[in-house]
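Novice: The structure's right below; bear with me while I get my questions together.
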Amino acid sequence: MIQRIQHLYFGFVIINLSLLLSGLEIGTYQAKEMPHQFTIYGFFQGKEVVWGFPFYLVIVALVVLLLFTISKFKKLSLQLKLIKFTFLFYLLFVVGITALFLFKLMPNVPDSVSFGFGYYLLILGLPFTYLGLRGILRDKNLLDSLNRLR
């Protein structure tokens, strides 16, 4: 099943996103002189949940989309549509998380904001998703050119 390089790229992205599900810290901020943490499960002040938005559902949806994309390796046109949708969905999610931090849209307006290791893992998956998209597009173009020769 892992016969093309883009499947390795997608596997790497799946591992990165799965690590986020372990509760890695995406960012921290100080509000009212109290430290707050942001994980994929929401915003926390110590052990207390400040705002429990289910960001983890987006991560699970991305992992499922990537697995479904890998499984459709015999239908390149469907695989290309799926990975384009997945890449756009992933890009919008990363832009949304970044906007939360840059425009300080968190609960309890923060004084200072810093990104955590989980944020960098989230960002690291984007170029690999794009490389997988380019690999699928290259395969589709190769097969289309071979079909013209028949």
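Novice: Looking at V49, V60, which is the one that is closer than 30 Å to K140 by Cα, of a type in the set (V, I, T) and free of Cβ contacts under 8 Å to residues at least 40 places away in the same chain?
Specialist: Working: V49 fails: closer than 30 Å to K140 by Cα.
Sole residue among the options that is closer than 30 Å to K140 by Cα, of a type in the set (V, I, T) and free of Cβ contacts under 8 Å to residues at least 40 places away in the same chain: V60.
Novice: Could you say whether any residue in segment 126-148 is farther than 22 Å from Y56 by Cβ, hydrophobic (A, V, I, L, M, F, W, C), touching a residue at least 40 places away in the same chain (Cβ under 8 Å) and surrounded by 18 or more Cβ atoms within 10 Å (Cβ to Cβ)? Give the derivation first.
Specialist: Our first condition is that a residue be farther than 22 Å from Y56 by Cβ; within segment 126-148, this holds for 127, 130-148.
Remaining after also requiring hydrophobic (A, V, I, L, M, F, W, C): 131, 133, 136-137, 142-143, 146.
Subset that is touching a residue at least 40 places away in the same chain (Cβ under 8 Å): 131, 133, 136-137, 143.
Those still in the list that are surrounded by 18 or more Cβ atoms within 10 Å (Cβ to Cβ) too: 133, 136.
Checked against the condition, which is being farther than 22 Å from Y56 by Cβ, hydrophobic (A, V, I, L, M, F, W, C), touching a residue at least 40 places away in the same chain (Cβ under 8 Å) and surrounded by 18 or more Cβ atoms within 10 Å (Cβ to Cβ), segment 126-148 yields at least one hit.
Novice: Consider P54 against the criteria (1) farther than 19 Å from V13 by Cβ; (2) in contact (Cβ under 8 Å) with a residue 40 or more places away in the chain: it satisfies all of them except one. Which criterion is unmet?
Specialist: P54 satisfies all of (1) farther than 19 Å from V13 by Cβ; (2) in contact (Cβ under 8 Å) with a residue 40 or more places away in the chain except (2).
Values in this text are rule-based calculations from the coordinates and carry no lab data. Keep in mind it's a predicted model, so treat the numbers as computed, not measured. Quick reminder, even Gly has a Cβ in these numbers, built from the backbone with ideal geometry, and neighbours come from all protein chains shown.
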